[in-house]
Amino acid sequence: MRWPERGSFYTIRTSRGFLARSQVVVQFEFRRGRACPYPSVQRYQQGIRDPSPEGYGPQGEGCPYAQISICTTARPLAQTDDNVGKLRSTLRELGLQDNTIVLYTSDHGEMLGDKGLWQKMTFYEPAAGVPLLFRAPGVTPANSRCAAPVSLVQVAATLLELCGVSAPAGLDGSSFARLLHEPGAENTGAVFVEMRLKTKSPGAMIRQGRFKYCYYVDDLDELFDLDSDPGEMKNLASLPAFRE
């Protein structure tokens, strides 16, 4: 693999397909002896963004910029996984594991080449979905998984309820602590997502049950049935049966 020189320019494709130019501002060094080397960043200014899949596989296979992006994503994930383990070990050593809530989440996902798209500025599941892992002693059943969609806006209210603290008036988002007690329960509420609200091309998404509707000011509406189409490949928005 030949890595691009610092300061060189390359064409990028944004999450909605628009072309732009970006500059390589990161240099890497590799740890030897790994089957899949994760680059460590020596100097970081803004990062590698939106490697172009043009001329390569549908997800950027074979593109050096794509490989850089994948590696730079994999490295902090591996580091985070290690550090969560260290945190859990420290809680056990201090005798705090039975009265400490542990929550791991993120502010957004990453397309990482899925559908030939990069970064986060879209409502497809890889970008809009985030990890949400709870360990609440006496609350969450071991190794349980909840499929009901919830929002990060609800996290504060949920933590307050778990700690027995009343939520202040006007707090956005309702608690989903009930789903932690009963992971198999259904969430009948809707989840809202917005992006680029102060730009010329804002978008909004609503997810309720199996359906997800995406609205873009400058693009086609999208409606997906995530039960029958988890890969979001069939847009139902234009079909007469779903217009209402």
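For beta carbons closer than 7 Å, sequence separation of 6+ or different chains, a first residue in segment 160-176 that is open to solvent by 80 Å² or more (accessible area, probe 1.4 Å) and a second that is assigned to a loop (DSSP other than H, G, I, E, B), the qualifying pairs are E161/S175.
Within segment 191-228, track down each residue that is closer than 30 Å to T140 by Cβ and at pLDDT below 90. Selection gives G209 alone. Taking segment 177-193 as the search range and keeping residues that are without any contact (Cβ under 8 Å) to a residue 60 or more places away in the chain and under 17 Å from the mean Cα position of the chain (by Cα), which one is most open to solvent (accessible area, probe 1.4 Å)? The residue in question is F192.
Only residues that are within 23 Å of L152 (Cα to Cα) and either in contact (Cβ under 8 Å) with a residue 60 or more places away in the chain or open to solvent by 50 Å² or more (accessible area, probe 1.4 Å) (or both) were counted across segment 115-135, and they come to 14. Within segment 136-159, the set of residues being farther than 12 Å from I101 by Cβ, polar (S, T, N, Q) and surrounded by 15 or more Cβ atoms within 10 Å (Cβ to Cβ) comprises S151, Q154.
Of all residues in segment 140-183, those satisfying the criterion of being among the small types (G, A, S), part of a loop (DSSP other than H, G, I, E, B) and closer than 24 Å to I206 by Cβ are A147, A148, S151, A167, G170, G173, S174, S175.
Can you pull out every residue in segment 194-224 that is more than 21 Å from F242 (Cβ to Cβ), in contact with a strand residue (DSSP E or B) (Cβ under 6 Å, 6 or more places away or on another chain) and open to solvent by 30 Å² or more (accessible area, probe 1.4 Å)? Correct list: E194 only. So is G184 at positive phi and either acidic (D, E) or at pLDDT below 90 (or both) or not? When the stated conditions are applied, G184 does not pass them.
In the set (1) in contact with a helix residue (DSSP H, G or I) (Cβ under 7 Å, 6 or more places away or on another chain); (2) of a type in the set (D, E, K, R); (3) open to solvent by 70 Å² or more (accessible area, probe 1.4 Å), E232 fails one condition alone, (3).
Looking only at segment 66-113, residues that are in a loop (DSSP other than H, G, I, E, B), of a type in the set (A, V, I, L, M) and open to solvent by less than 40 Å² (accessible area, probe 1.4 Å) come to 1 in all.
The values are calculated or read from the model by the stated rules, or taken from the named source; none is laboratory data. Please read all numbers here as calculations on a predicted model, not as lab measurements. Cβ sites come from the backbone with ideal geometry, for glycine too, and all protein chains shown count toward neighbours. Ligands, DNA and RNA are stripped out before the accessible areas are found, and what is left, the full protein with its side chains, is counted by its heavy atoms. Shrake-Rupley method; radii C 1.70, N 1.55, O 1.52, S 1.80 Å.
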